[in-house]
């Protein structure tokens, strides 16, 4: 764990998703987006079980931690998140989001993450109703709404899933962040921001561009 924390609610934050970055030079990719003034980076953790793909784990995060001062927003798309969460904290994660569909006792895991000194988030898949997190969401520091199905980058934005943001904002109020992940670009950014999202996970719309600084600037402008 680093000394960093999830930014306090009230600002629009862009969290570049390394899922669409060049894994052969992740440190350089993160340094590029850091130079654009972002405060956090989104680390997509997939186990090949909860979702079909496999990406990174604690050893990679520990190496990246030595190279970056950004907040590590770690999204655990894994089964049994309670079993592995502490390892990600030890590796350098600053914030950990896990899926409501994968956790048996979400409230206990949130408490444990707070005890470990990191912020905690809950995530729901596109097919999961908001009611599934209604009691848990106010205990979190951030709620993540998937606007694509987890496990693959580059999917098409799902407008109906994005509408959940408005209902979640009613539940959690202004002091808890709402993050959106999936198909976020300059066209979809105004939609999710209008619903109440303040944290934007952006993958392809940044890392598919040769000028990452300009790409991030375009997202910022679209969020106004």
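For the chain, what does the helix formula give at 222 nm: sum of -39500 (n - 2.57) over DSSP H segments with n ≥ 4, over the residue count, nearest 500 deg cm²/dmol?
Helices in the chain give a 222 nm mean residue ellipticity of -9000 deg cm²/dmol.
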Q) What fraction of the DSSP beta bridges in the chain is antiparallel, stated in percent and rounded to the nearest 5? A) 5 percent
**Q.** Using a Förster distance of 35 Å, the FRET efficiency for residue 149-residue 194 (Cβ separation, nearest 0.05)
**A.** 0.90
Q.
For the chain, what are Rg and Dmax over the alpha carbons, in angstrom?
A. 15.6, 43
(Q) Starting from 0.36 nm per residue, how many nanometres of slack lie between residue 131 and residue 22 once their C-alpha separation is accounted for? (A) 35.5 nm
Q) How large, in Å, is segment 116-184 by the Kirkwood hydrodynamic radius built from its alpha-carbon pairs? A) 12.3 Å
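Looking at segment 21-88, what % of its DSSP beta bridges pair antiparallel, to the nearest 5? Spell out each step's value before the answer.
On the way: 1 of 8 bridges.
Here the antiparallel bridges make up roughly 10 percent for segment 21-88.
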Q | Förster radius 22 Å - calculated FRET efficiency between residue 90 and residue 54 (Cβ-Cβ, nearest 0.05) | A | 0.60
Q) In Å, what is the Rg of the alpha-carbon atoms in segment 1-91, and how long is Dmax? A) 13.0, 35
Q: Would you mind calculating the relative contact order of segment 13-222 from Cα pairs under 8 angstrom and at least 6 residues apart, reporting the percent as a whole number?
A: 20 percent
Q. So, in nm, how far is label residue 187 from label residue 208 when the simple model puts each one 7 Å beyond its Cα toward the Cβ?
A. 1.0 nm
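Here, each number is a calculation from the coordinates, and none is a lab measurement. All values reported here derive from a predicted model rather than from experimental measurement. Note that each Cβ is placed from the backbone with ideal geometry, even for glycine, and that neighbours are counted across all protein chains shown.
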